Structure formats: C-alpha cells, structure tokens
Amino acid sequence: LLGRSMSTGSEHTARAAQFVAQDLPLFVSIFISINAALSLIAVISIYREGGILKRLRATPLRPAVILGAHVLVKLFFTGISLLLVILAGRRFYPVPLHAHVAGFALAVAITTVTILCMGFIVASWVSTARFAQLIGSAVFYPMLVVSGMFVPLSSMPRALALIGNVLPMSHAVALLRGAWVGASWLVLLPHLG
C-alpha cells in the first residue's frame, strides 16, 4: 500500500521502487526487532513485579535457559513476521528484490539478538510493568531517528552524527544495509563488533 501510494509519476515510481526494494525491508526488520524488545521489556517487568523471577530461582531451570527461551521465541516470531510482510509486499506491490537473502537473514538474526540484549538492559532499569513500554519506547525510537536509517549520518548536524555513531542502532542499520547488498562480512566487521 505504501508503494502504491507513492507511485504517481515516473520519478516518484523510481523513488518508490528504490525505497520499497532497499530501505523498507531494513526499516521493517528493525521495527519488528524493536517491537520484540519492547514486549520482552514488558514481560521481564511483569515477571519482576509479580515475583515470578524469584520463584523461577527455585526451579531446576537456570535463569539463562528461561531468558534464552524468551530470546528464541522473539527470534522465531521476528522471522515469521518478516516472512509475512515480504509475502504481503510481493502480493500488493511486486518489486524485484535484489537482496542477498542468506547474509541478510544472518544480519537480521544478529541485529534482533543485539536489540533484545539492549531490551534486557532496559528491563533491568524498569521497576514496574506500567512504565515498561514507555521507557523502552523512549530509549529505542530516538535511537532509530539518529541511526542513519532516514537521513545519512553524514548529512546530520555534527552533534547528532556523533551520537548516532556511538549508538548501536546505527551499526545495526549499517550491518543490515551492507548484508542486503551483499557486502563482504570483513567490511561489515566493525558494525558487527
């Protein structure tokens, strides 16, 4: 629908096709990962507030197993969500995708795990479930704005570009962009680190 609404002239059609074929998949994958992290923050906050985390210590399962299960579930649902978005996009706005699927899938998995790890950090700050979504959104969405997703870091004011270079979201965007076009993983190693 987004692609069809942008296709009013030949110049607009070319820009819309470029946006849908290159930037939209990156944005969607990061957005889905952020939503997974926000739901993780809420779940961990509910667990803490309800005393579930303390009760889980009494079980034979280690905390790493329980938290790892949450990460695997979020990864699984992120993958399913991306697949459904791709299938819907192909149905309603068929644009040829020239992506390196295996590298991009690996980059999405790495990016999602990284964003989920940031979600665990935010969840450790949040004391009640009531503020979990609000605080998580206040952390993640501003990071996305200065990540270089919408405006290249080189075009931003110097202070914002410096902040963007330090935050992990800009490296996630660079990793996904590079993997999408098939850049060498040696070139992507600084962003991966």
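The values are calculated or read from the model by the stated rules, or taken from the named source; none is laboratory data. Predicted model, so just to flag it, every value in this text is computed and none were measured. Positions of Cβ are generated from backbone atoms using ideal geometry, with glycine treated the same way; all protein chains shown enter the neighbour counts. We work out accessible area using only protein heavy atoms, side chains counted, and drop any ligands, DNA or RNA first. Shrake-Rupley method; radii C 1.70, N 1.55, O 1.52, S 1.80 Å.
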How many residues does the range 165-188 hold that are open to solvent by 40 Å² or more (accessible area, probe 1.4 Å) and part of a helix (DSSP H, G or I)?
-> 9
Among the residues of the range 125-145, which ones are of a type in the set (Val, Ile, Thr) and open to solvent by less than 80 Å² (accessible area, probe 1.4 Å)?
-> 126, 128, 135, 139
Residues of the range 105-129 satisfying the condition of being more than 12 Å from the chain's Cα centre (by Cα) and either modelled with pLDDT of 85 or more or not in a helix (DSSP H, G or I) (or both) = 105, 106, 120, 121, 122, 123, 124, 125, 126, 127, 128
Report the residue count in the range 146-164 for those that are surrounded by 15 or more Cβ atoms within 10 Å (Cβ to Cβ) and part of a helix (DSSP H, G or I).
-> 4
Scan of the range 25-61 for residues that are among the polar types (S, T, N, Q) and over 30 Å from residue 98 (Cβ atoms), ordered by number = 39, 45, 59
Would you confirm whether any residue within the range 104-123 is open to solvent by 30 Å² or more (accessible area, probe 1.4 Å) and farther than 17 Å from residue 33 by Cβ?
-> no
With respect to residue 153, is the statement that it is closer than 23 Å to residue 35 by Cα and not basic (Lys, Arg) true?
-> no
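Results for (1) basic (Lys, Arg); (2) open to solvent by 40 Å² or more (accessible area, probe 1.4 Å); (3) closer than 22 Å to residue 144 by Cα, shown as yes or no for each residue.
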{"site": "33", "(1), (2), (3)": "no, no, yes"}
{"site": "52", "(1), (2), (3)": "no, yes, no"}
{"site": "55", "(1), (2), (3)": "yes, yes, no"}
{"site": "61", "(1), (2), (3)": "no, yes, no"}
{"site": "68", "(1), (2), (3)": "no, no, no"}
{"site": "72", "(1), (2), (3)": "no, yes, no"}
{"site": "90", "(1), (2), (3)": "yes, yes, no"}
For residue 48, indicate whether it is without any contact (Cβ under 8 Å) to a residue 40 or more places away in the chain, among the charged types (D, E, K, R) and out of contact with any helix residue (DSSP H, G or I) (no Cβ under 7 Å at 6 or more places or on another chain).
-> no
If we keep only residues of the range 14-31 that are of a type in the set (S, T, N, Q) and modelled with pLDDT under 70, then the residue surrounded by the fewest Cβ atoms within 10 Å (Cβ to Cβ) is 18
